[in-house]
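Heads up, the thing below is written out as structure tokens.
The values are calculated or read from the model by the stated rules, or taken from the named source; none is laboratory data. Computed from a prediction, not measured in an experiment: that's the story for all the values here. Note that we place each Cβ from the backbone using ideal geometry, even for glycine, and neighbour counts take in every protein chain shown.
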Amino acid sequence: MIPTRWRSLFDDQLADAARRVDGAQKYRAAEEGSRAIQAAYQAVVAAASIRVWMIDYPWVTTLPASEMQRRAAAEFPAHYAALATMNLSAMLTGFWSADSARSYVEEADTFVRETQERFDAWIAAS
């Protein structure tokens, strides 16, 4: 059973990820591909963190920050896993057209929705 404090944190993290994907979609529609990528990346990081926490309960064991980063990155979907192997700062602050950001935003949306579904199933099984 997930403690209430952690359940609230998980819910907040997933809601934040969904908001960021929504923001990424709006940025892309406004032809702001670079901002769309930045928002989508943050959504993926939030969802990946939830996936790690569903395996390694943070109320039982606190992972060192470097290990948490490694495990979260291992959860990233394909486009973001590739980004994570590059100079991430340059990739996230460089120019992205709205069209080039499209597949990244779509992948982030799918990843966040699938994470929410996994979380809901995990909670139902608890």
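The single residue among Glu75, Glu31 that is surrounded by 14 or more Cβ atoms within 10 Å (Cβ to Cβ) and among the acidic types (Asp, Glu) turns out to be Glu75.
Checking the structure you have, find out if any residue of region 50-57 is closer than 24 Å to Ala125 by Cβ, of a type outside the set (A, V, I, L, M) and buried (at least 16 other Cβ atoms within 10 Å of the Cβ). Checking region 50-57: at least one residue is closer than 24 Å to Ala125 by Cβ, of a type outside the set (A, V, I, L, M) and buried (at least 16 other Cβ atoms within 10 Å of the Cβ).
When the criteria are applied in full, Ala124 fails the requirement of being farther than 19 Å from Gly23 by Cβ, under 16 Å from the mean Cα position of the chain (by Cα), hydrophobic (A, V, I, L, M, F, W, C) and surrounded by fewer than 17 Cβ atoms within 10 Å (Cβ to Cβ). Looking across region 80-102, the residues that are farther than 18 Å from Ala30 by Cβ and at pLDDT 85 or above come down to Tyr80, Ala81, Ala82. Just one of the listed residues (Arg7, Arg51, Arg20, Arg28) is on the phi < 0 side of the Ramachandran plot, among the basic types (Lys, Arg) and at pLDDT below 95, namely Arg7. Taken together, Ala84, Ala18 contain a single residue that is out of contact with any Ser or Thr (no Cβ under 8 Å at 6 or more places or on another chain) and farther than 16 Å from Arg118 by Cα, which is Ala84.
The rows are residues; the columns are (1) under 21 Å from Ile2 (Cα atoms); (2) in a loop (DSSP other than H, G, I, E, B); (3) not polar (S, T, N, Q).
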site: Tyr27; (1), (2), (3): no, no, yes
site: Ala47; (1), (2), (3): yes, no, yes
site: Tyr57; (1), (2), (3): yes, yes, yes
site: Met91; (1), (2), (3): no, no, yes
site: Arg102; (1), (2), (3): no, no, yes
site: Glu114; (1), (2), (3): yes, no, yes
site: Phe119; (1), (2), (3): yes, no, yes
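Residues of region 47-86 that are more than 22 Å from Ala108 (Cα to Cα) and either touching a His at 6+ places or on another chain (Cβ under 6 Å) or among the hydrophobic types (A, V, I, L, M, F, W, C) (or both): Trp59, Val60, Leu63, Ala65.
The single condition from (1) touching a residue at least 24 places away in the same chain (Cβ under 8 Å); (2) farther than 24 Å from Ala124 by Cα that Pro64 fails is (1).
Restricted to region 47-81, and to residues there that are over 13 Å from Arg118 (Cα atoms) and β-branched (Val, Ile, Thr), the residue that is nearest to the chain's Cα centre (by Cα) is Thr62. Only one entry of Ala43, Ala15 meets the criterion of being under 29 Å from Met1 (Cβ atoms), in contact (Cβ under 8 Å) with a residue 24 or more places away in the chain and part of a helix (DSSP H, G or I), and that entry is Ala43.
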